[in-house]
Amino acid sequence: MEDLKSIDILLAEDSPGDADLAMEALEESKLKNKLYVVVDGQEALDFLFKKGKYIDVPRPDLILLDLNMPKVDGREVLKIVKEDKNLRSIPVVILTTSRAEEDILKTYDLHANCYIAKPLNLEKFMEVVAAIENFWISIVALPKKES
Amino acid sequence: MNEEKLEKLKSIDILLAEDSPGDADLAKEALEESKLKNRLYTVVDGQEALDFLYKKGKYIDVPRPDLILLDLNMPKVDGREVLKIVKEDENLRSIPIVVLTTSRAEEDILKSYNLHANCYISKPLNLDKFIEVVNSIENFWISIVTLPQK
């Protein structure tokens, strides 16, 4: 039963190449999820707070968040989301090129649900996105959306 | 040996807080079956979990866990309380906590995420599926995820 559920995924990713790869990996899967993509931290926040053109978007069930993004950095988005009473229950998967120990520790301290360093290899990148999807949708119980 | 292969060989310390001996045995079995060499520590109630994490009493020399598998309904100190304490502690909160519980109550799910549980997993009632889930947890949190260094 759980395999049939579909969820809304927000991908915050400033690299078009990586965004395309992620989209491709998610489309290949048999799970029917709706993917929303934003390209910087400001758009991510506007989406989550339903500002401007994002007035009618759904609340995401899962956020895939890059760290190094223009306008508003991913670390700032993470902090804001996890401090917000309404948004903090949304799982945030950090998906970033950074392998800096400082970034890893800081994001876990800010309550990122998990941190994943993007593989440099194309195929592995897609495997990782598929693994994220499989774990967070088929294995994990996500909080239900209200309304 | 490339970086990614090295990561798969790393072994981590896992703390399992589980009051049901049957479920603890199943989890141990699942973790032992895998090719990843992890060290599993088991505690049977919330007080022991806290003593372990704060290295109290007999736990004075235990390592800091890299991952915690936490049951919710436990005697002495409830898992929800353990979760709250750990995630509010500046030193301990970076340790990922996987809530692994029989509860399917929406209230428990939401509350755990609000308390910053890293993820919430309902224990399958089926034995084989339970073992599969433990393997998935191990595989995801060790081979895919980057954990904070101790």
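Here's the yes/no breakdown for (1) out of contact with any His (no Cβ under 7 Å at 6 or more places or on another chain); (2) more than 19 Å from A:N86 (Cα to Cα); (3) without any contact (Cβ under 8 Å) to a residue 40 or more places away in the chain; (4) among the acidic types (D, E):
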position	(1), (2), (3), (4)
B:T102	yes, yes, yes, no
B:H116	no, no, yes, no
B:K123	yes, yes, no, no
B:D128	yes, yes, yes, yes
B:F140	yes, yes, yes, no
B:P148	yes, yes, no, no
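May I ask you to verify whether B:V133 is of a type in the set (A, V, I, L, M, F, W, C) and under 13 Å from the mean Cα position of the chain (by Cα)? Yes; evaluated as a whole, the condition is true for this residue. Condition test on B:E107, is it in contact (Cβ under 8 Å) with a residue 24 or more places away in the chain and more than 21 Å from A:L105 (Cβ to Cβ)? The answer is no for B:E107. Which residues, counting only those in region A:131-142, are assigned to a helix (DSSP H, G or I) and within 10 Å of chain B (Cβ to nearest Cβ)? Selection gives A:A131, A:I132, A:N134, A:F135, A:W136, A:S138, A:I139. Look at B:V145 and say whether it is facing another protein chain (nearest Cβ under 10 Å) and of a type outside the set (G, A, S). In short, yes. Taken together, A:V77, A:V81 contain a single residue that is assigned to a helix (DSSP H, G or I), more than 10 Å from every other protein chain (Cβ to nearest Cβ), closer than 21 Å to B:K111 by Cβ and touching a residue at least 12 places away in the same chain (Cβ under 8 Å), which is A:V81.
Which count do you get for residues in region A:86-124 that are out of contact with any Gly (no Cβ under 9 Å at 6 or more places or on another chain), outside any loop (DSSP other than H, G, I, E, B) and either facing chain B (nearest Cβ under 8 Å) or surrounded by 19 or more Cβ atoms within 10 Å (Cβ to Cβ) (or both)? Counting residues in region A:86-124 that are out of contact with any Gly (no Cβ under 9 Å at 6 or more places or on another chain), outside any loop (DSSP other than H, G, I, E, B) and either facing chain B (nearest Cβ under 8 Å) or surrounded by 19 or more Cβ atoms within 10 Å (Cβ to Cβ) (or both) gives 14. All of B:L100, B:L40, B:L36, B:L72 fail the test of being under 28 Å from B:L125 (Cβ atoms), more than 15 Å from the chain's Cα centre (by Cα) and of a type in the set (A, V, I, L, M, F, W, C), apart from B:L36.
Are any of the residues in region B:51-72 more than 20 Å from A:R88 (Cα to Cα), among the hydroxyl-bearing types (S, T, Y) and outside any helix (DSSP H, G or I)? Yes, some residue in region B:51-72 is more than 20 Å from A:R88 (Cα to Cα), among the hydroxyl-bearing types (S, T, Y) and outside any helix (DSSP H, G or I). Taking region A:4-54 only, how many residues are free of Cβ contacts under 8 Å to residues at least 60 places away in the same chain and small (G, A, S)? Summing the residues that are free of Cβ contacts under 8 Å to residues at least 60 places away in the same chain and small (G, A, S) in region A:4-54 gives 7.
Taken together, the values in this text are just the output of simple stated rules run on the coordinates, not laboratory data. Quick caveat: nothing in here was measured; it's all calculated off a predicted structure. As a convention, Cβ positions derive from the backbone with ideal geometry for all residues, glycine included, and neighbour counts pool all protein chains shown.
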